[in-house]
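The values are calculated or read from the model by the stated rules, or taken from the named source; none is laboratory data. A quick note: this is a predicted structure, and the numbers were derived from the prediction, not measured. Ideal geometry is used to build each Cβ from the backbone, glycine not excepted, and the neighbour counts take in all protein chains shown. Note: areas computed on protein heavy atoms with side chains; ligands, DNA, RNA excluded. Shrake-Rupley method; radii C 1.70, N 1.55, O 1.52, S 1.80 Å.
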Amino acid sequence: MKSIVAKALLGFLALSLLAVLVLFGWGWAQYARIQAGLERLERTLDMDAAGVAGWARLLEDVEEVNGELASVRSSLEAARSALGTVRSLLPLFSWVPSVGQDVQEAPALVDLSLDVVSLGEEVGKGLLPIAQELKRSPQGLQMGAQGGIPRYLELLREGKPHFRQARGLLGGVRDRLREMESARVSEGTRARLQRLGGFLPTVDHALFALTELPPITEEFLGFRGRRTYLVLAQNTYELRATGGFISGVWLVTLRDGDIEEMSFHDSGEVDILTKTFPPAPAPMRKYMQAGIWPFRDTNWFAHFPDSARAAENLYELGQNIAVDGVIAVNERVMEEVVEAVGPIYLEAYGTEVTRETFLRLLEQGIEPSGVGPGSLQPRKFLLKVLGEELRGRLESGLGLEKTLRLLSALARSLEGRHVLLYTHTGDVQEILAQLGWDGGVREGPGDYLRAVDSNMSFNKVNRSVTQSILYAVHLDEAEPWGEVSLRYRNESQPQEGVCIQDTQPGGYEVWKQGCYWAFVRVLVPQGSRLRKASYVPLPEGSLLKRMGREGETATVEIAKEGGKTSFGLFFVVAPGEEREISFAYTLPGDLAGKGLLWYELTVQKQPGTVAVPLEVVLHLPPDAAAMPREPTGGKVEGGTVRFVTDLAQDRSFSVGAPVKSRRED
C-alpha cells in the first residue's frame with residue numbers, strides 16, 4: 001500500500017513539476033513576445049533620433065511607421081490577453097535565476113509598451129496629413145504666400161489635439177517607469193527601460209515644439225505683417241558668447257512668406273566711426289583695450305536676447321535702420337543647409353559647393369571670377385552669393401526629399417544652439433524661451449551651470465582648441481558647494497617665444513594656429529559665493545602688460561548676468577599646452593528638504609560649440625540613498641552619483657535621495 005501511495009505521490013509531483021515548467025515556458029514565451037515588441041518599438045520610433053529633427057525625417061515614412069505600430073500593438077495585445085489568465089501566478093517564478101524577475105514583471109512591461117505604442121500612434125495621426133500634403137506637392141517647401149506654407153501651418157494646428165494627447169500619454173509612460181524603478185529585472189531589461197526613460201524628455205520637447213511651430217513660423221516669415229530681421233553670420237573659429245565672432249550680417253525683409261529684400265554686409269561696414277558709441281563691456285575694455293563697442297562685438301552677453309538687443313541698437317546707430325528681431329547662425333548651420341539642399345553650383349566660383357568643400361572655400365578666400373566682390377573680402381563674398389542662391393532655391397521649391405532634409409537640418413541646428421532666435425513679438429519670444437531656441441540663460445529652480453568662452457586672441461584658433469568640463473557638487477556638507485573645472489588643450493603647432501596678444505598677418509591657415517587668449521565666465525545660481533579660483537598671473541604677452549598697466553592684474557571678475565552670478569578669468573593657453581581653470585563656490589540656500597534631498601541641475605551648452613565632454617559628480621550625505629531620475633545613466637558608487645555625457649545640447653540632471661534632514665542634526 002505504501003508503495004502505491006509513494007508512486008502516486010511521485011507521479012503527482014512529476015506532473016506538478018511538468019505543469020510548472022510548461023506554465024513557466026508559456027509565461028516566458030509571452031515575455032519574449034513583449035521583448036520583441038519593445039525591440040520593434042525602438043526601431044520604429046528610432047529612439048536614438050527622437051526629437052524635432054528625427055520627426056521631420058519621419059514625415060517621409062509616416063504611413064509605414066503607422067502600419068508597423070499597428071502590427072506591434074496587435075502582438076502586444078495578444079501577449080497581454082494571454083498573460084491575463086495567469087497573471088497572479090507569475091510571482092511564483094521570481095526565484096528562477098536571471099529571468100524569473102523579468103517574467104514576473106511581464107504584465108507591467110506589456111502595459112508600458114502599449115502606452116508607448118499609443119503615444120506613437122497619436123504622433124502619427126498628427127503628422128500624417130502633413131506628410132500626405134507634402135507628397136502631393138512636387139515642389140515641396142516653397143517660399144511665398146502661394147508656396148503652401150499657410151496650408152502646412154493649418155494642418156499643424158489641426159494636429160495639435162493629437163500632439164497634446166501624446167504629451168498626456170507620455171506622462172503616463174513616465175509614471176509607469178517610475179513604478180518600475182525598484183523592480184528587480186535583468187540587466188538587459190533595465191538597460192531597455194533606461195533607454196526609454198532617456199527618450200521621454202526629448203519626445204516631450206518635440207511634442208511641445210510641434211504644437212507651437214505655427215506662431216513661430218508666421219512671425220519669422222512675415223505672415224503676421226512685414227518683418228525685417230538681422231541675420232548674424234558668426235564664426236565659431238573665433239568663439240564668442242553666442243556662437244562666434246560676427247563676420248557679416250544679412251538684412252532680410254519678409255512679408256507673407258516672400259523674401260522682399262535681402263542684402264549682406266561685412267560687419268565692419270556697419271559702424272559709422274564718427275558717431276558716439278557706447279562703452280564696451282568691462283572685460284573687453286580691460287583685456288582687449290577696446291576703446292569703443294563696435295557692431296561686430298555686440299554678442300558679448302551669454303543671454304542671447306541681451307546680445308540681440310545690443311546688435312539692433314548698434315546697427316540702427318550705424319545704418320539708421322530699425323529691425324524686428326535678430327537671428328544668429330554660424331558656419332555649422334551653413335554646412336548643414338548646403339548638405340540638405342545641395343550641391344550648389346556657384347557660377348562666380350566655377351565650382352559646386354558641398355558640405356565637404358564649403359569650409360575649404362570659406363577658409364581659402366578664393367577670388368570670384370567675372371564679378372568683383374566690391375568692398376567684401378572674397379570669403380565673405382562667398383557667404384553673400386551662397387545666401388542669394390539659397391534664396392532662389394527656396395523660392396522655386398526644393399522637392400520632397402530636400403525639403404525634409406532641410407527641415408531636419410534646421411531642427412538639429414536649433415537644438416544644437418547653432419541657430420538662435422529673437423523677436424520683439426512677446427508671445428512668440430516666450431515660446432522660444434520655453435523651447436530654448438532663444439539662446440537665453442534658463443530660469444528655474446535648482447542648481448545651474450553655463451561656461452562661456454570669449455576668444456580675445458584676434459585669431460581663429462578655436463578650431464584647434466578642445467575643452468572638457470568637470471562639475472563636482474558637495475551636498476555632504478553643512479553648506480552645499482560646487483567646483484567647476486574647465487580643461488583646455490591647444491592643439492596648434494608649438495611655437496617659439498612668448499605668446500603675444502595681437503593681430504597676425506596671413507590667412508586662415510595662420511589664424512587657426514597660435515595662442516588661445518580667452519576670457520571665460522561660469523554662470524552659476526545667483527547668490528553663489530566664491531570660495532577659491534585658479535591663480536592666473538597676468539601673462540607677459542598680454543595687451544594689458546605690454547601697455548604698461550602694471551597696476552592691473554588678471555583677477556576673478558564677479559558680476560551679475562542673465563539673472564545669475566558669474567565668475568570670470570582671463571588666461572592664455574600656448575600651442576601644444578594644456579590648462580585647467582577652476583572655480584569653487586558656495587551654493588545659495590540648503591538643497592536638502594526635510595527627509596528628502598532633491599537635487600536638480602541644468603547645464604547649458606555654449607552656442608557654437610559641438611559636444612564638449614561633461615562629467616557631473618554628486619557627493620551625497622552619508623545617510624542618503626541615491627535615486628538618479630534624469631538622465632537614467634547615472635552611476636551610484638557609495639555616496640557618489642556620477643554622470644558622464646556631453647553638451648551636444650543642454651542637459652538636465654535630477655537625483656532624489658531619502659535623507660535625515662540636516663536641520664534635525
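General observations
- Filter result for the condition that a residue is open to solvent by 20 Å² or more (accessible area, probe 1.4 Å) and either within 30 Å of Val522 (Cα to Cα) or modelled with pLDDT of 95 or more (or both), over Pro279, Pro215: Pro279
- Flag if Leu523 is at pLDDT 95 or above and out of contact with any helix residue (DSSP H, G or I) (no Cβ under 6 Å at 6 or more places or on another chain): yes
- Candidates Asp271, Asp258, filtered to the one that is over 30 Å from Arg463 (Cβ atoms), more than 29 Å from the chain's Cα centre (by Cα) and of a type in the set (D, E, K, R): Asp258
Here's the yes/no breakdown for (1) open to solvent by 40 Å² or more (accessible area, probe 1.4 Å); (2) touching a strand residue (DSSP E or B) at 6+ places or on another chain (Cβ under 8 Å):
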| site | (1), (2) |
| --- | --- |
| Thr242 | no, yes |
| Gly257 | no, no |
| Glu261 | yes, yes |
| His265 | yes, yes |
| Glu269 | yes, no |
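- For segment 128-160, a tally of residues being among the aromatic types (Phe, Trp, Tyr) and in contact (Cβ under 8 Å) with a residue 60 or more places away in the chain returns 0.
To keep it simple, each residue is scored yes or no on (1) over 18 Å from the mean Cα position of the chain (by Cα); (2) under 21 Å from Pro214 (Cα atoms).
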residue: Lys380; (1), (2): yes, no
residue: Leu383; (1), (2): yes, no
residue: Leu390; (1), (2): yes, no
residue: Glu395; (1), (2): yes, yes
residue: Ser408; (1), (2): no, yes
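- Residue count, segment 244-253 (criterion: buried (at least 21 other Cβ atoms within 10 Å of the Cβ) and either at pLDDT below 95 or over 25 Å from Lys512 (Cβ atoms) (or both)): 3
- Checked against (1) farther than 20 Å from His418 by Cα; (2) open to solvent by 10 Å² or more (accessible area, probe 1.4 Å), Ala310 passes all but condition (1).
- Odd one out for Gly222 among (1) assigned to a loop (DSSP other than H, G, I, E, B); (2) more than 20 Å from the chain's Cα centre (by Cα); (3) more than 26 Å from Gly144 (Cα to Cα): (3)
- Some residue of segment 445-465 being open to solvent by 10 Å² or more (accessible area, probe 1.4 Å), under 19 Å from Lys605 (Cα atoms) and of a type in the set (Asp, Glu): no
- For Met334, the conditions (1) assigned to a helix (DSSP H, G or I); (2) in contact with a strand residue (DSSP E or B) (Cβ under 7 Å, 6 or more places away or on another chain); (3) of a type in the set (A, V, I, L, M, F, W, C) all hold with the exception of (2).
- Selected residue (only one of Glu615, Glu578 is surrounded by fewer than 17 Cβ atoms within 10 Å (Cβ to Cβ), over 30 Å from Ala433 (Cβ atoms) and either among the charged types (D, E, K, R) or at pLDDT 95 or above (or both)): Glu578
- For Val484, the test of being open to solvent by less than 70 Å² (accessible area, probe 1.4 Å), at pLDDT 95 or above and in a helix (DSSP H, G or I) is failed.
- Segment 388-427: number of residues that are open to solvent by less than 40 Å² (accessible area, probe 1.4 Å) and free of Cβ contacts under 8 Å to residues at least 40 places away in the same chain: 1
Conditions tested, residue by residue: (1) among the aliphatic types (A, V, I, L, M); (2) modelled with pLDDT under 85; (3) out of contact with any Lys or Arg (no Cβ under 6 Å at 6 or more places or on another chain).
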position: Gln101; (1), (2), (3): no, yes, no
position: Leu128; (1), (2), (3): yes, no, yes
position: Leu153; (1), (2), (3): yes, no, yes
position: Glu158; (1), (2), (3): no, no, yes
position: Arg167; (1), (2), (3): no, no, yes
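- Among residues of segment 295-323 that are among the basic types (Lys, Arg), those with a Cβ under 7 angstrom from a residue that is in a helix (DSSP H, G or I), sequence gap 6+ or separate chain, pair up as Arg296/Ser267; Arg296/Gly268.
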